[in-house]
Every structure is written in C-alpha cells, then in structure tokens.
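Trainee: There's a structure below that I have some questions on.
The values are calculated or read from the model by the stated rules, or taken from the named source; none is laboratory data. Just so it is clear, the model here is predicted, and its values are computed rather than measured. Every residue, glycine among them, receives a Cβ derived from its backbone with ideal geometry; neighbour counts consider all protein chains shown. With ligands, DNA and RNA removed, areas are computed over all heavy atoms of the protein, side chains included. Shrake-Rupley method; radii C 1.70, N 1.55, O 1.52, S 1.80 Å.
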Amino acid sequence: MSEGVQTSPAFTPRVFSGIQPSGDLHLGNYLGALKRFADAQNKGVQSIYCMVDQHAITVWQDPEKLRQATRELAAGFIASGVDPKRSILFNQSQVAEHAQLAWIFNCVARMGWMKRMTQFKDKAGKNAENASLGLFGYPALMAADILIYHATHVPVGEDQKQHIELTRDIAAKFNHDYGVDFFPMTEPVIEGAATRVMSLRDGSKKMSKSDPSDASRINMTDDADTIAGKIRKAKTDAEALPSEAEGLKERPEARNLVNIYAALADMTVAEVLAENGGQQFSAFKPKLSDLAVAKLAPISTEMARLMTQPDEIDAILRHGAAQAREIAAPILARTYDIVGMVR
Ligand code: AMP
Ligand code: TRP
C-alpha cells in the first residue's frame, strides 16, 4: 500500500482483490497481482482475496475446467504466500452478497459508463451484439466485489485501473443519490516495477494468457528448462544495458526484462541497472533465468502438491466464504435499508 494514501477516517484499511479462474497463471499475474497480495497481507492489513468464478463465466467456460481452474488458482494464491489463516480466501459464487449488491449497482451505473470500458471492447471484439450481457455488466459486479467489504485498497495490475475508477464512480453516485456517506472511495494500488509485464516476443503487448504464442509468456507451471529457453529467446536489442533508467525509455523489450528482474529480486530498476549496466544480454539473460527459476520453481512445486489434495482446497474456500459472508451480510443489509427494501 502506498504511503500517504488518503482514505476517509470512517473506513478501516481493508484490501480486496480478485483473479478470474480462467486459465493458466503467468508471470504477469504473479508479479502484478499474487506477489503483491502476499506483500499486503504481510504488512498486516486485513486482506480478502477472491477467485471470481462469476466473472469467468461472462465468456464460455467448460464446467469441469472451471472447477479445476478455480482449485488451481487457489493453489496459486497459497503457493505465492497468501496464507488462508491470515487472509480470507474464497470463490465469489459462494458469497451470494456479491451478486445481490451487483444488481443494485446495475441500477446505479449508466450504460454510457460501461460502453467506455476498454476491457469490454477488447473482449467483445468486433461482434459486440453477440457478447453476453454479463460481459457488459462485468464492472458493476467488480464494484460489488470490492464495495461489499467496504474495501479501501485494491492491488491490481495497470490494466484494471479503469475498472477501479468506475468503482469509485458507482460509489460516488450511490452516496450522492441516496444522500449518504456509505461506500468508500476505493484506491487502486498499482505500484512496483511490474504493474504491466510485457510479452517476451513483443514489448508493445501485455503478457497475457490469451496470447496464442506460449513463448510470449512464462507460465507459473513452466519447468526450469522451459523458463530458461523462453528467456534466452526473448526479443531484445543489440545494445548493452544502460546504467540509468533513462536509457531504457525507447527500448521496451530491454525495459521489460529489467522490470521483471527488479520485481523478482525486490529491487528498484535503478539498483538493477547500477549492478548490471554495461552488460550484454548474453550475460544478463542467464542471470534473469536463474532468478526466475529460483523464485518460481518452489511455487509451482507447491501448487502441484496442493493440487493432489482438492478436498483440502475446497475446505479452505468454504471456510473463507463463511468468513467473507460475516463481513458482507451486514453491509448488504444496510445497503437494502438505504435503498428502501423491506426486510
Ligand atoms: P487476469 O488474469 O487478467 O484476470 O488478471 C489477474 C490479475 O493479474 C489482475 O490484477 C491483473 O491486473 C494482473 N495482470 C494480468 N496480466 C498482467 C501483466 N501482464 N502485468 C501485470 N499484471 C497483470
Ligand atoms: N477484473 C479483474 C481482472 O480481469 C478481476 C476482478 C474481478 C477484480 N473483481 C475484482 C480485481 C475486484 C480486483 C478487485 O483481472
């Protein structure tokens, strides 16, 4: 959480974030999200982390694969250091209050706001008429995920900034329309060297699970040889590394590898360049792959071990959902009172 973040004193600091169980986790998810979730928890802030299975089905998901992906994502959270004894870890569909508040937010948010969302435009593609209604309303459910806990801080990658701004717009309109100061103005927390990890094949594209080229990303389940091979083949330029960040400005591929190194090593970009400036990529890449393997191998081993105990994962998620409901239920009840629902 950034220093000096202003939140209304009425709201206790509380972190919430979510990830869709819709495919393999990659280095962008780890550095942009999971690693930072564990860091927030370790700073002692109450942290709530959610596998957003209801968001996943805004596009088609095979039921058996969805179940598997939810458990695998839970294993990814835990293996990355999110401790279910210290943080609340659960899947969205087990806490009905998210969808209940989302309905109210569907009635607060405006069509025009939703139409501006770049993630909707990207995912709907050319045939928006054929997109699900859920995909269009996705950000209202996301706002409900966050605000049903009165969460004050949301660690996410750069690509989610627009959705958090919309969450604030929904909170502000609700508060204004009903004349209350009920929902907090949630702050996005987008910090560190790796808030936007780029493709290893093209420094202008985000590393993403939907990229058809597997060489473009490092999957959290890749073995050491695969990781080393992908980094060796990563696109770079012919120049040596600069000794100051300024020198990376026009070099997106070089900047990406330095950012990844910095985030994995918990160093600043300036520190990485002070140590490695002047080196050729033939020397820097092996160092980067050793570091990536050292950090990711224990995580993928632990994920594989956890996946042999799906019943335990399910029990963890059920327990997390019960804890989440204890916070969510009274906030929904107060929302219903504000809106004028008889209960
Ligand atoms: P997704 O897999 O798109 O549901 O994203 C889950 C989380 O990972 C969100 O907080 C994203 O912002 C983050 N994330 C996804 N891709 C990247 C990337 N290439 N760089 C940094 N963060 C990312
Ligand atoms: N939209 C996020 C993504 O695609 C996932 C998400 C859903 C989320 N609800 C959230 C992230 C609430 C943060 C907070 O990555």
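Trainee: Give the residues of the stretch 152-196 that are part of a helix (DSSP H, G or I) and under 13 Å from the mean Cα position of the chain (by Cα), sorted by residue number. Let's see the steps before the verdict.
Mentor: Just the residues of the stretch 152-196 that are part of a helix (DSSP H, G or I), to begin with: 158-178.
Glu158, Asp159, Gln160, Lys161, His163, Ile164, listed by residue number.
Trainee: Next question, about the same structure. Of the residues Ser204, Ser216, only one is over 16 Å from Asn29 (Cβ atoms), without any contact (Cβ under 8 Å) to a residue 60 or more places away in the chain and more than 15 Å from the chain's Cα centre (by Cα); which? It would help to see each step written out before you state the result.
Mentor: On the way: Ser216 fails: over 16 Å from Asn29 (Cβ atoms).
Every option except Ser204 fails the conditions.
Trainee: Against the condition open to solvent by less than 60 Å² (accessible area, probe 1.4 Å) and in contact (Cβ under 8 Å) with a residue 24 or more places away in the chain, how does Ala245 come out, does it pass?
Mentor: Values: open to solvent by less than 60 Å² (accessible area, probe 1.4 Å): yes; in contact (Cβ under 8 Å) with a residue 24 or more places away in the chain: yes.
Judged against the criteria, Ala245 is a match.
Trainee: Shifting gears a bit: I'm trying to understand the selection: among the residues of the stretch 40-63, which are more than 30 Å from Ala128 (Cα to Cα) and either outside the structural domain of Arg318 (by TED's automatic domain parsing) or in contact with a helix residue (DSSP H, G or I) (Cβ under 8 Å, 6 or more places away or on another chain) (or both)?
Mentor: Within the stretch 40-63, the subset more than 30 Å from Ala128 (Cα to Cα) is 40-49.
If the condition is that a residue be more than 30 Å from Ala128 (Cα to Cα) and either outside the structural domain of Arg318 (by TED's automatic domain parsing) or in contact with a helix residue (DSSP H, G or I) (Cβ under 8 Å, 6 or more places away or on another chain) (or both), then Ser47, Ile48, Tyr49 are the ones that fit.
Trainee: Are any of the residues in the stretch 199-214 surrounded by 24 or more Cβ atoms within 10 Å (Cβ to Cβ) and away from ligand 2 (no atom under 14 Å from the Cβ)? Don't jump to the end; show me each part of the working.
Mentor: Filtering the stretch 199-214 down to residues surrounded by 24 or more Cβ atoms within 10 Å (Cβ to Cβ) leaves 200, 207.
Cutting the leftovers down to away from ligand 2 (no atom under 14 Å from the Cβ) gives us 200.
Within the stretch 199-214 (the criterion being surrounded by 24 or more Cβ atoms within 10 Å (Cβ to Cβ) and away from ligand 2 (no atom under 14 Å from the Cβ)), the answer is yes, since at least one residue qualifies.
Trainee: Continuing with the same structure: Any residue at all in the stretch 203-216 that's in contact with a Pro (Cβ under 9 Å, 6 or more places away or on another chain), farther than 30 Å from Gly137 by Cβ and within 16 Å of ligand 1 (Cβ to nearest atom)? If you could, list the steps in order and put the result at the bottom.
Mentor: Here is the first cut: in the stretch 203-216, the residues in contact with a Pro (Cβ under 9 Å, 6 or more places away or on another chain) are 203-204.
Now drop any that are not farther than 30 Å from Gly137 by Cβ, which leaves 203-204.
With the extra rule that they be within 16 Å of ligand 1 (Cβ to nearest atom), the set shrinks to 203-204.
Within the stretch 203-216, one or more residues are in contact with a Pro (Cβ under 9 Å, 6 or more places away or on another chain), farther than 30 Å from Gly137 by Cβ and within 16 Å of ligand 1 (Cβ to nearest atom).
Trainee: Follow-up. Of these, Ala228, Ala240, Ala304, Ala297, which one is in a helix (DSSP H, G or I), more than 22 Å from the chain's Cα centre (by Cα) and surrounded by fewer than 19 Cβ atoms within 10 Å (Cβ to Cβ)? Show your work before the answer.
Mentor: Values: Ala240 fails: in a helix (DSSP H, G or I); Ala304 fails: more than 22 Å from the chain's Cα centre (by Cα); Ala297 fails: more than 22 Å from the chain's Cα centre (by Cα).
That would be Ala228, the only listed residue that is in a helix (DSSP H, G or I), more than 22 Å from the chain's Cα centre (by Cα) and surrounded by fewer than 19 Cβ atoms within 10 Å (Cβ to Cβ).
Trainee: Taking the stretch 307-330, which residues are of a type in the set (S, T, N, Q) and either in contact with a Gly (Cβ under 8 Å, 6 or more places away or on another chain) or in a helix (DSSP H, G or I) (or both)?
Mentor: Applying the first criterion (of a type in the set (S, T, N, Q)) to the stretch 307-330 yields 308-309, 323.
Correct list: Gln323 only.
Trainee: Going through Thr195, Thr152, Thr118 one at a time, which residue ends up being crowded, with 20+ Cβ neighbours inside 10 Å, more than 10 Å from ligand 2 (Cβ to nearest atom), β-branched (Val, Ile, Thr) and within 24 Å of Trp103 (Cα to Cα)?
Mentor: Going through Thr195, Thr152, Thr118 in turn, just one is crowded, with 20+ Cβ neighbours inside 10 Å, more than 10 Å from ligand 2 (Cβ to nearest atom), β-branched (Val, Ile, Thr) and within 24 Å of Trp103 (Cα to Cα): Thr152.
Trainee: Right, next: Evaluate the stretch 128-143: report whether one residue or more is assigned to a loop (DSSP other than H, G, I, E, B) and open to solvent by 10 Å² or more (accessible area, probe 1.4 Å). Talk me through it step by step, then tell me what you get.
Mentor: Going through the stretch 128-143, the residues assigned to a loop (DSSP other than H, G, I, E, B) turn out to be 131-132.
Filter once more, so that each one left must be open to solvent by 10 Å² or more (accessible area, probe 1.4 Å): 131-132.
Checked against the condition, which is being assigned to a loop (DSSP other than H, G, I, E, B) and open to solvent by 10 Å² or more (accessible area, probe 1.4 Å), the stretch 128-143 yields at least one hit.
Trainee: Can you report the number of residues in the stretch 145-175 which are closer than 19 Å to Ala10 by Cα, of a type in the set (A, V, I, L, M) and in contact with a helix residue (DSSP H, G or I) (Cβ under 8 Å, 6 or more places away or on another chain)?
Mentor: 6
Trainee: Within the stretch 264-287, restricting attention to residues that are assigned to a loop (DSSP other than H, G, I, E, B) and more than 27 Å from the chain's Cα centre (by Cα), which residue is surrounded by the fewest Cβ atoms within 10 Å (Cβ to Cβ)?
Mentor: Step one: of the stretch 264-287, the residues assigned to a loop (DSSP other than H, G, I, E, B) are 266-268, 277-280.
Next cut, more than 27 Å from the chain's Cα centre (by Cα) only: 277-280.
Working: Gly277: 13, Gly278: 10, Gln279: 15, Gln280: 12.
This residue is Gly278.
Trainee: Sticking with this structure for a sec: Looking at the stretch 309-326, I want the residues that are open to solvent by 60 Å² or more (accessible area, probe 1.4 Å) and have a partner that is part of a helix (DSSP H, G or I) with Cβ atoms under 9 Å, at least 6 apart or on another chain. Which pairs are those?
Mentor: Final answer for the pair search is Glu312/Leu306; Arg318/Gln94; Arg325/Gln94; Arg325/Glu97.
Trainee: Scan the stretch 130-152 for residues that are over 17 Å from Ile331 (Cα atoms) and in contact (Cβ under 8 Å) with a residue 60 or more places away in the chain and jot them down.
Mentor: Residues satisfying the conditions are Ser132, Gly134, Leu135, Tyr138.
Trainee: While we're looking at this one, here's another question. Go through (1) buried (at least 21 other Cβ atoms within 10 Å of the Cβ); (2) within 20 Å of Gln20 (Cβ to Cβ); (3) not hydrophobic (A, V, I, L, M, F, W, C) one by one and return the number of the condition Glu158 breaks.
Mentor: (1)
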